[in-house]
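Worksheet: one structure, shown below.
The values are calculated or read from the model by the stated rules, or taken from the named source; none is laboratory data. Given the structure is predicted, the values throughout are model-derived calculations rather than measurements. Every residue, glycine as well, gets a Cβ built from its backbone with ideal geometry; the counts of neighbours run over all protein chains shown. What goes into the accessible areas is simple: the full protein's heavy atoms, side chains included, and nothing from ligands, DNA or RNA. Shrake-Rupley method; radii C 1.70, N 1.55, O 1.52, S 1.80 Å.
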Amino acid sequence: MEEDRILELRRLLHRYNNLYYVQNAPVVSDFEFDSLMRELQDLESRHPDMFDASSPTQRVGSDLNRSFSQSEHQYPMLSLDNTYNAQEVREFFERVAGLLNEPFEICCELKYDGLSISLIYEDGVLTKAVTRGDGVKGDIVTDNVRTIRCIPLRLDPAGGWPRKFEIRGEVLMPWTSFEKLNAEREELEEPLFANPRNAASGTLKLQNPKEVSRRQLDSYLYYLLGEQLPADGHYENMMEAQKWGFKVSDHMKKCSTFQEVLDYINYWDTERKNLPVATDGIVLKVNSLRQQRNLGFKAKSPRWAIAYKFQAERALTRLDSVSFQVGRTGAVTPVANLEPVQLSGTVVRRATLHNADIIKGLDLHIGDMVYVEKGGEIIPKITEVDMESRGILLGDAVQFAAVCPECGARLVRYPGEAAHYCPNTGSCPPQLKGRIEHFVSRKAMNIDGLGPEIINQFFQAGMIRDIADLYSLSARDIARQEGLGEKSAVSILRSIENSLQVPFERVLFAVGIRFVGETVAKILAKAFKSMDALKKATVEELTQVNEIGDRIAQSIVSFFADEKNCTLVQRLSDIGLKMEIEDSATDGGSDRLAGKTVVISGVFNHHSRDEYKQLIEKHGGKNTGSISAKTSFILAGQNMGPSKLEKARELGVPLMSENEFLELIDEKPTITDEPLLLF
């Protein structure tokens, strides 16, 4: 019966999810998993009476847009006292010893830098997920949490868990997901997230669970509460929770002496930099729940726990000036120009100020001594002004620009947005050049030889004003430019000619519609098939496509409502760029790489790295940037990075040469002298 098959598929997929995301020990291929998921989705659509909010199909989220309601915590989610030095940790240890007057153990665990979450389970089913909020009540974000694949929706009946319990932890954004998300936002000239914690918090508060699912959040659980817990020991309870299917850190450790605690702190102060997620300290908890109850609570924090925070490396330097940069979408970004200072192994001369609100909040003045940190240890930012160093002769207050620094147009700030924009899209030089730079970039039209300096040179010479002008360049005009010659001209024109073969989805990405990044362009191309169909689409039709929200839809409609944009697209079409998607039945695709996850590393003879990514997807495989136990093989070219080679050796991931890969997908190599790579 189909009803029985639904129950069986749910059981299987819950198990496979746990093995893949929690235990890092997959037993089926991605292809097989996806096939089972599709079968379950089809069966559930035929049996709506069997809807179950904890079904594996709910992981992808829905398109429902709803505001969050609040729920009061059964056990208040208190904050912890923080310390930044070993002496205060010693004082905590000695204070606990004096209050208990009996032997005790401290459970040491990593303090993951994310958003605190409370998960309620009843009869083995996740019934509610609530953020920390104000500690007394928080937002109910159950629909979004269901998309986090390492959080079990339904527990194995044989697990021995209590009928009702609460488990707490952190919702995190792994470094790889964070970097990918910021790369997408940078491409769209949206404000970057300063660190993974802000990104995770912002993601979990999104109103669209489908977008939450796309951002690939992670979670570690760290505390179990309830009336019938397995043991008196916190550590022992978490080990049991791990057996029930929860993702619990393997780095928890029980310590009996202060020196053991100190050794743990010192080890992780360095080693944490090798973790796939962000941490900002160590949490120390008295292990015995009985002893925790005896120690009790202060007004806002427990007496039995403390958080040791790692010192964020920061430097004090002088603010020399603030400049304003204009991007291709017209977004104006303020940049602090600093007296050079050493920070986290690099010399920092500039730091982002994000927007006018940040400048106002810092009360910045030229000449101020400012503290600079690397947000998430990546992006330099000013965090504080050293007010004590301000002299009587105070410099001018930093004011956000009122007009575009490039063209003089008065800046605008749209409702609901933090950024200011230059509205002069038709003649503001940085916007014109920025759109050309985006058009020729590797992930767009991949036109070699046209970097920012050459584009600026052509622009200043009056040779190009928009992206279509590239296809009117002559070898004679190029060769006349300083630093170029006939050889460069031939190479550039050949690359421009080759761009006529770029597929439609990349052309769509290349034309530079705001909010239409590489991924969205692929989705739109697949849904609408051609530029003409997309041009005619309404907001309602666009938002019916998965992952296309109101903001993207409005941007597309606005783009095609501008006659200048329509004229430009028509010029590109007349030139011969691909304006419709190729028939998938004749594109040479296959399922030879179905279920395979491939990492690309090195330099290749036959195709570019981007072309290999397309080939992998074309033949049913999946690209990923980092090596893990789930990697099927590495497509290894010449000069493969030593760190990736070492990681591959460590995990036993096989290498595949370029020629071997081409044979696998049934494409005959044209060069046969490729060097062999060996471990």
Can you give me the solvent accessible area of residue 543 with a 1.4 Å probe, rounded to the nearest 10 Å²? 50 Å²
With every protein chain kept in place and a 1.4 Å probe, the residues 480, 303, 5 fall, from largest accessible area down, as 480, 303, 5
Residue 397 neighbourhood, Cβ < 11 Å, K/R = +1, D/E = -1, net charge -2
Run the quick spin-label model on residue 551 and residue 82: label points 7 Å from Cα toward the beta carbon, then report their separation in nm to one decimal. 2.8 nm
For residue 328, the accessible surface traced by a 1.4 Å probe with all protein chains present amounts, in square angstrom to the nearest 10, to 30 Å²
From most to least accessible, 1.4 Å probe, no ligand or DNA/RNA atoms counted, 111, 300 line up as 300, 111
Can you sort 407, 566 by 1.4 Å-probe accessible area, starting with the largest? 407, 566
Two decimals, Cα atoms only, Kirkwood Rh: what is Rg/Rh over the stretch 135-235? 1.05
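Tell me the per residue accessible area of the stretch 105-152 using a 1.4 Å probe; a whole number in Å² is fine. Let's see the in-between values first.
Values: 1300 Å² over 48 residues.
Ligands and nucleic acids excluded, the figure is 27 Å² per residue.
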Compute the distance in nm between two label points, each set 7 Å from the Cα along the Cα-to-Cβ direction, one at residue 482 and one at residue 185. 3.9 nm
Taking the inverse of the average 1/r across all pairs of different Cα atoms in the chain, what Kirkwood radius in Å do you get? 28.6 Å
How are the Cα pair distances of the stretch 81-162 distributed, in percent, across 5 Å bins from 0? 3, 11, 14, 15, 13, 14, 12, 13, 6, 0
Note the full-extension length gain between residue 638 and residue 461 as 0.36 nm times their separation in residues minus their Cα-Cα distance, in nm to one decimal. 59.8 nm
Which lysines, if any, have their Cα less than 24 Å from the Cα of residue 622, not counting same-chain residues under 8 positions apart? 180, 210, 443, 522, 526, 529, 596, 613, 630, 644, 647, 668
Helix-only [θ] at 222 nm, the chain, -39500 (n - 2.57) per DSSP H run of 4+, per residue, nearest 500, equals -10500 deg cm²/dmol
Can you compute 3J(HN,Hα) from phi for each residue in the stretch 69-77, using the Karplus curve 6.51 cos²θ - 1.76 cosθ + 1.60 with θ = phi - 60°, rounded to whole Hz and x for Gly and Pro? 9, 10, 9, 7, 6, 5, 10, x, 8
Quick one: Karplus J couplings for the stretch 168-173, per residue in order, coefficients 6.51, -1.76, 1.60, θ = phi - 60°, nearest Hz, x for Gly and Pro? 10, x, 10, 8, 10, 10
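Calculated FRET efficiency, residue 47 and residue 539, Cβ-Cβ r, R0 30 Å, to nearest 0.05? Spell out each step's value before the answer.
Numbers: r = 33 Å, r/R0 = 1.11.
That gives a FRET efficiency of 0.35.
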How would you rank 72-85, 215-228, highest first, on the average number of other Cβ atoms within 10 Å across their residues? 215-228, 72-85
Environment charge of residue 502, counting only residues whose C-beta is closer than 12 Å and scoring Lys/Arg +1, Asp/Glu -1: -1
Residue by residue through the stretch 412-417, the couplings from Karplus 6.51 cos²θ - 1.76 cosθ + 1.60 with θ = phi - 60°, in Hz, x for Gly and Pro, are 10, 10, 7, x, x, 10
Could you pull the accessible area for residue 365 with a 1.4 Å probe, rounded to 10 Å²? 20 Å²
Note the full-extension length gain between residue 163 and residue 530 as 0.36 nm times their separation in residues minus their Cα-Cα distance, in nm to one decimal. 126.7 nm
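Just to verify a number: FRET efficiency for residue 666 and residue 623, C-beta to C-beta distance, R0 = 22 Å, to 0.05? Show your work: numbers first, answer last.
Working: r = 19 Å, r/R0 = 0.88.
So the FRET efficiency works out to roughly 0.70.
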Quickly work out the residue 575-to-residue 605 label distance, labels modelled 7 Å from Cα along the C-beta direction, and quote it in nm with one decimal. 3.3 nm
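Roughly speaking, to the nearest percent, how much of the chain's 1.4 Å accessible area is carbon and sulfur?
Values: 16050 of 33460 Å².
On the chain, the fraction of accessible area on carbon and sulfur atoms equals 48 percent.
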For residue 655, which sequence-distant residues (separation of 5 or more, or a different chain) have an amide H within less than 5 Å of its own amide H, given hydrogens modelled in the peptide plane? 634
Calculated FRET efficiency for the pair residue 270/residue 311, C-beta based, R₀ 22 Å, to 0.05: 0.95
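For the stretch 584-670, what mean projected area does the convex hull of the alpha carbons give, in nm²? Display every interim value, and only then the final one.
Working: hull surface 21.6 nm².
Across all orientations, the stretch 584-670 yields a mean hull projection of 5.4 nm².
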Overall Cα dimensions of the stretch 248-332 - principal axes, largest extent first, Å: 60, 33, 29
Averaging sequence separations of C-alpha pairs under 8 Å and six or more residues apart, then dividing by the length of the chain, give the relative contact order as a whole percent. 10 percent
Taking Cβ-Cβ under 4.7 Å as the only way to count a partner, pick out the unpartnered cysteines of the chain. 107, 108, 150, 255, 566
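Extension gain residue 472-residue 357, at 0.36 nm per residue separation less the Cα-Cα distance, in nm? Each step should come with its number before you reach the end.
Numbers: separation 115, 0.36 × 115 = 41.40 nm, distance 4.38 nm.
That pair, residue 472 and residue 357, stretches by 37.0 nm at full extension.
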